[in-house]
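Coordinate-derived values only; no laboratory data. As the structure is a prediction and not an experimental result, all values here were calculated from the model. Cβ placement follows ideal geometry from the backbone for every residue including glycine, while neighbour counts extend to all protein chains displayed.
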Amino acid sequence: LAAGLVVVGHRILRGRHRTPGARLALSRDLKGLTSSRPVPGRLALGGCGRKLVLAEPRHSVLVIGPPQTGKTTALAIPAILDWPGPVLTTSSKSDVLEVSRAARARRGPVMVYDPMGDPESSVGWTPLAGVTDWAGAQGAARGLMSAHGALEGVNEASFWQASAEMLIAPLLLAAAASGEGMAAVIEWLDAGFEADPEVQEALEAADDDLATSAWRGVMGMEARTRTSVTATARTVLAAWWDPGVLALGRPELTPERLLDGGSLFLVAPTHDQERLRSVFAGIVSQMTRAVYDHRARTGRRLDPGLLVVLDEAAHIAPVRNLPELAATGPEPGIQLVSVFHDTAQISAAYGRRAATIIANHRARLYLPGIGDPDTLQQLSRSLGDTEQDRTQTSVGPAGTTRSTSAVARPLIPAHELRELPDGEALLVYGARPPARIRLRPWFTDRRLRRLARGEG
């Protein structure tokens, strides 16, 4: 002992903080978000004590959680049941439609787009609806390209993307002008250079010099380049080689029909999602673009706004402009809910834009059981550290001494985030401290059960 000090033990006093540091939210931190009853136009994110926790009007919501953790039953379905305005939702599950159909039918027409299901019970849609000029054709082409916008790891990705878009747009205008439909677009892509006279004739009938110039620009490319551009366009439009998709090419689904109190369910089984994602991304793009157009045309926000629930957002409709939609959609009247399994899934779909997508959603909900280490570590780091007193006891010649120093530890370590109890979620909302809230499955709420039965 005389040779020096010997550390015989130490302990961390978890309940004592030297400085405030990071902390979980207290009741006062949720001021403005809690209510004793539902508020029309504000999404219920869960519960805290006896009160509901509500998102601010139109604030974009990001939900991250693995399957079977309540993303659908506790968030998507309650939002759809309660929303006072039009609804657009994507899902691989028929239960979303089954549970909410009666409630939505009380508010307006219920439309289902399911190209792999019964064509008699599915609404028709074509990207040619509204394509009357070059601007409309460009917008439609951009929407179809939306699901293929990342192209991470592809050399000169922006060139191939822009070139394919420049090929698709004049084909859409030519098909719309000639009344041939999407079947003609597919035939022209198959024919390649041999389709030039027929497409030129259709574009001349449309009397649009810009479209004709764009078509000639692609046809004038070096043969190998043109072949690669055509191959990219074929990938984007691959769904229209499916008879089920072509059979639903009726112009029944329009923005006007949806935004006038309608509800649209886009349904795709898991094994068909990748093949159909251009179709669904095109629909989502067309409908959300109409909300922006309404704002520009009238100077007024759409009220009540359009609820957009992108369940399985990385697979069914990975729209290219999701970062912008999350950030700017609230202003014209879009309430966005984006649902992913983890941040790795966002990165796989959007590459370097993943962090922007996360940041642009004002409210972020993390559900139990997340298994991706990067998601857990990133979230734990973002929540910050808390300083705690560490008391060390030492024995030496002068006797026993105790010293106290500050030790930083994560507010919530990664393993504790993974082990969140079932039925709970961590809410990260803007600059507020994070809050643990209780999820609210629709079937546990008497009022939501009544809505699901079609009662008032």
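Couple of notes before you dig in:
- Considering helices alone, the calculated mean residue ellipticity of the chain at 222 nm is -11500 deg cm²/dmol, with DSSP H runs of length four and up weighted by -39500 (n - 2.57) and normalised per residue.
- Backbone amide hydrogens, once placed in the peptide plane, bring Gly46 within less than 5 Å of Val53, excluding anything fewer than 5 places away on its chain.
- Other residues with beta-carbon under 9 Å from the beta-carbon of Val87 carry, at +1 per Lys or Arg and -1 per Asp or Glu, a net charge of +2.
- Dipole check for segment 134-241: with +1 at the C-beta of Lys and Arg, -1 at the C-beta of Asp and Glu, and the Cα centre as origin, the magnitude is about 400 Debye.
- Net length available on complete extension from Arg409 to Gln377 is 10.2 nm, with 0.36 nm assigned per residue and the Cα-Cα distance removed.
- Using alpha-carbon coordinates, inclination of helix 196-206 to the longest axis of the chain, degrees: 90 degrees
- Interchain or long-range residues, amide H under 5 Å from Gly396's placed H: Thr401
- Diffusion constant of segment 277-375 at 37 °C, which comes from Stokes-Einstein with the Kirkwood Cα-pair radius and 0.692 mPa s, µm²/s: 231 µm²/s
- Whole-Hz couplings from phi, Karplus 6.51/-1.76/1.60, listed for segment 23-33; x for Gly and Pro: 7, 7, 5, 9, 4, 5, 6, 9, 4, x, 9
- Principal axis extents of the Cα atoms in segment 314-456, from largest to smallest and rounded to whole angstrom, are 78, 42, 28.
- Converting phi to 3J(HN,Hα) with the Karplus coefficients 6.51, -1.76 and 1.60 and the offset θ = phi - 60°, segment 362-369 yields 5, 10, 10, 10, 10, 9, x, x Hz in sequence order, with x at every glycine or proline.
- Packing rank of 205-212, 26-33, 186-193, where each peptide gets the mean count of other beta carbons within 10 Å, highest leading: 205-212, 186-193, 26-33
- Selection from Leu30, Met166, Pro84, by position along the positive dipole direction of the chain (Cβ): Leu30
- Farthest toward the positive end of the dipole of segment 199-357, out of Trp215, Pro330, Gly282, is the Cα of Pro330, where the dipole comes from beta carbon charges about the Cα centre.
- The charge dipole of the chain, taken about its Cα centre with unit charges on the Cβ of Lys, Arg, Asp and Glu (plus for the first two, minus for the last two), comes to roughly 3700 debye.
- Once the Cα atoms are used to define both axes, helix 223-236 deviates from the longest principal axis of the chain by about 70 degrees.
- Percent of beta bridges antiparallel (DSSP, the chain, rounded to nearest 5): 55 percent
- A cut-off under 14 angstrom between Cβ atoms defines the neighbours of Arg446, and their net charge, with Lys, Arg +1 and Asp, Glu -1, is +3.
- Simple spin-label estimate for Thr400 and Thr235 in nanometres, 7 Å along Cα-Cβ: 7.1 nm
- To the nearest ten degrees, helix 134-145 and the longest principal axis of the Cα atoms of the chain are 50 degrees apart.
- Phi-derived couplings, Karplus 6.51 cos²θ - 1.76 cosθ + 1.60 at θ = phi - 60°, listed residue by residue for segment 451-456: 4, 5, 7, x, 8, x Hz, with x used for Gly and Pro.
- Relative contact order %, the chain, counting alpha carbon pairs below 8 Å whose residues are six or more apart: 31 percent
- The relative contact order of segment 134-241, computed from alpha carbon pairs under 8 Å that lie at least 6 residues apart in sequence, is 35 percent.
- Protection proxy ranking of 426-436, 81-91 - average other beta-carbon atoms within 10 Å, highest first: 81-91, 426-436
- The structure-derived value of Rg/Rh (Cα atoms, Kirkwood Rh) appears in the list [x] 1.10; [y] 1.15; [z] 0.98 under the label [x].
- Segment 134-241: mean projected area of Cα convex hull, nm²: 6.2 nm²
- Residues whose amide H lies under 5 Å from that of Leu264, counting only those 5 or more places away or on a different chain, are Val87, Leu88, Thr89, Met111; hydrogens are built 1.01 Å from N in the peptide plane.
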